[in-house]
Amino acid sequence: MAVERAQAEEALHQAQAELARVTRVTTLGELTASIAHEVNQPLAAIIADASACLRWLAAERPDLDSIREALDAVVKDAERAAEVIVRIRALLSYSPVTREPCDLVDIVHDVLPLAGPELRRRGIVLETALAPDLPRVIGDRIQLQQVLLNLLVNAGEAMRETQPERRRVVVRSSAECRDGDVWAILAVEDAGAGFRELDEARLFEAFYTTKPGGLGMGLSISRSIVERHGGQLWGTSNPGRGATFHLALPGTR
């Protein structure tokens, strides 16, 4: 019986991991246009700088300083495009869950280049207020990125009907003491429609969604991921307008 139980638990973990990956793919699919634009920008700059270098090299006396400056810009733009692609490949890959020390601020910096362009496309101002001394947490970096990415996409979607001048998302981080232990907290605050009391009670139910065309799996899977990390994920209504989702994980030193 013990062997059968272990096999069943392993099969469940594998199914959960695959479902989480499918949800990542679905979320990234919603960001395709913005991600493509984010990659095309540095590629266009690379083409322009490389063309300028060719013109300068064809001159009787090439302007070596300008060529060197343009080539430096080419390298930086290529690295910028490559970083976006690396992040996408990591989120799309199927790999075993790996628990290791993670910095939640680094998680934020990994995710913002993917979600940020879509938020800006919607006219949403993205702000961060990140504490510099958060405790590290033990977790799977890719899965934690997935949770934050989902929260940011949801925040953007929640402001479809918000007046343009009020569209704002704030990502905050802080440390909190709980029963003598230090926890790392991430919060994603939006100025959207918020949710009613009934919605709040069902926010994390599988297949429950208030988003047109949504699957209703993002928050459910996100909470499962966070709870498997020994943490908590919950949402609260803001006093004025919108909602804030909080991700709390036990810290390690």
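The values are calculated or read from the model by the stated rules, or taken from the named source; none is laboratory data. Computed from a predicted model, the values in this text were never measured in an experiment. Don't worry about glycine lacking a Cβ; one is built from the backbone with ideal geometry, like all the others, and counts go over all protein chains shown.
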**Asked** Would you say LEU152 is in the same structural domain as ARG223 (by TED's automatic domain parsing), out of contact with any Ser or Thr (no Cβ under 7 Å at 6 or more places or on another chain), within 28 Å of CYS177 (Cβ to Cβ) and part of a helix (DSSP H, G or I)?
**Response** yes
**Prompt:** Which number in (1) without any contact (Cβ under 8 Å) to a residue 60 or more places away in the chain; (2) more than 30 Å from GLU165 (Cβ to Cβ); (3) in the same structural domain as ALA184 (by TED's automatic domain parsing); (4) assigned to a helix (DSSP H, G or I) marks the one condition that LEU119 misses?
**Reply:** (2)
**Subset tally (residues that are modelled with pLDDT of 80 or more, of a type in the set (Asp, Glu) and surrounded by 15 or more Cβ atoms within 10 Å (Cβ to Cβ)) for segment 179-214** = 2
**Prompt:** What are the residues in segment 158-178 that are buried (at least 19 other Cβ atoms within 10 Å of the Cβ) and outside any strand (DSSP E or B), if any?
**Reply:** ALA158, MET159, THR162, ARG167
**Asked** Can you name the residue in segment 43-98 that is of a type in the set (S, T, N, Q) and part of a helix (DSSP H, G or I) and is also modelled with the lowest pLDDT among such residues?
**Response** SER66
**Message:** Against the definition (surrounded by fewer than 21 Cβ atoms within 10 Å (Cβ to Cβ) and either under 18 Å from the mean Cα position of the chain (by Cα) or at pLDDT below 90 (or both)), how does GLU127 come out, yes or no?
**Reply:** yes
